[in-house]
Amino acid sequence: METVSRVKVVLIRALVCVLSLAASVDQWGCVSTRPVVLARSVDIAGPIHQVPVTVTDGNMKGKLMLTPHIEFSGKKSFYGTTGLNDNTDLQQYGNYDSTNNVNWTLPSYVAGLSLDYGLSEAVSLSAGATYTDMNGSESYEWNGGLAVCFQDRIFGGRLEAGAQWQDIRYNVILDRYEIVNYWPPDGSTTQYLYSIDRYGKFLTANFYCDLVLNTKVESSPVNGFVRAGYGVTSILSNDMLRATEDGDIATSVGFYSLTPGLFFDITRWNRLLIGCDFISPAGMTSTSPRWLIMPLVQVDFTI
């Protein structure tokens, strides 16, 4: 008899729980998942980070080299597609527009000053800053790195890696979707809630690496160099979402660079370098143009 009473109590409690859950579902109507935030359009304005070319020509231990430099971007622009406008969770509800959603506009020029100090014959510290103006809006960039140098009688080389901080101006339109699961189960649907329009400027922090190979033939009035590099620039930050408090839109774009050029001595303590940057965006699809071409000029002063 006591066992039957316990079974009744358990059944009553289970029935109360079921009724409570049903009342709760009836009250709220659905159970929703985490919202999905996609980037419909991303307009970026700012320079592509490039440190100056540093050739290896002689012993720099204990010496400081100052390098004013300028690169001409010519207000070029390129566009491409990031994965932030293609989400597999939404494929079952229709095709989301996955056309080019990033448009990057470059300034007409970037001017800067860099410092390089030889800690030893084989190791150097570098630091620098650049400045540009786009339609009355000033932007700055800073960088610092560590380089390992090597050379023989006619060739020199330098491998440098470091960090960069850069101002980026943005204007983005983000679409916020929410996948809703209804109860009782009758399938799922996606409800478009609203678009988020954000604009402003933020400071990115990323890394870069460069390899420079050069000739150093004393009997030749002109020597040559070639640089191969890779750098990263953040173009979207989660802080852009601000009030929505959901989603993840942080992403970056990488840049491969190839820079051939010539240099010659003006005096014993300074030289002139002339080259041309060939830069290709990475981490995006359907990029156009595939290569950006930007001439550069710099002068090295050794103290």
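Among the residues of the stretch 123-134, the one identified as under 10 Å from residue 148 (Cβ atoms) and surrounded by 15 or more Cβ atoms within 10 Å (Cβ to Cβ) is 124. For the stretch 244-285, residues that are more than 17 Å from the chain's Cα centre (by Cα), touching a residue at least 40 places away in the same chain (Cβ under 8 Å) and under 26 Å from residue 202 (Cα atoms) total 4.
Checking the structure you have, find out if any residue of the stretch 131-140 is among the aromatic types (Phe, Trp, Tyr), touching a residue at least 60 places away in the same chain (Cβ under 8 Å) and part of a strand (DSSP E or B). No: the stretch 131-140 contains no residue that is among the aromatic types (Phe, Trp, Tyr), touching a residue at least 60 places away in the same chain (Cβ under 8 Å) and part of a strand (DSSP E or B).
Selection within the stretch 240-269: residues that are modelled with pLDDT under 90 and not in a loop (DSSP other than H, G, I, E, B). The member of this set that is surrounded by the fewest Cβ atoms within 10 Å (Cβ to Cβ) is 243. Taken across the stretch 270-290, residues that are modelled with pLDDT of 90 or more and of a type in the set (Val, Ile, Thr) do occur, with at least one present.
Listed by first and then second residue, the pairs with beta-carbon distance under 6 Å, at least 6 apart or on different chains, first residue in the stretch 110-122 and modelled with pLDDT of 95 or more and surrounded by 15 or more Cβ atoms within 10 Å (Cβ to Cβ), second of a type in the set (S, T, N, Q) and part of a loop (DSSP other than H, G, I, E, B), are 116/54. Note on the stretch 286-302: residues that are among the charged types (D, E, K, R) and touching a residue at least 60 places away in the same chain (Cβ under 8 Å) total 1.
The values are calculated or read from the model by the stated rules, or taken from the named source; none is laboratory data. Computed from a predicted structure; not experimentally measured. FYI the Cβ positions are ideal-geometry reconstructions off the backbone, even for glycines, and counts take in every protein chain you see.
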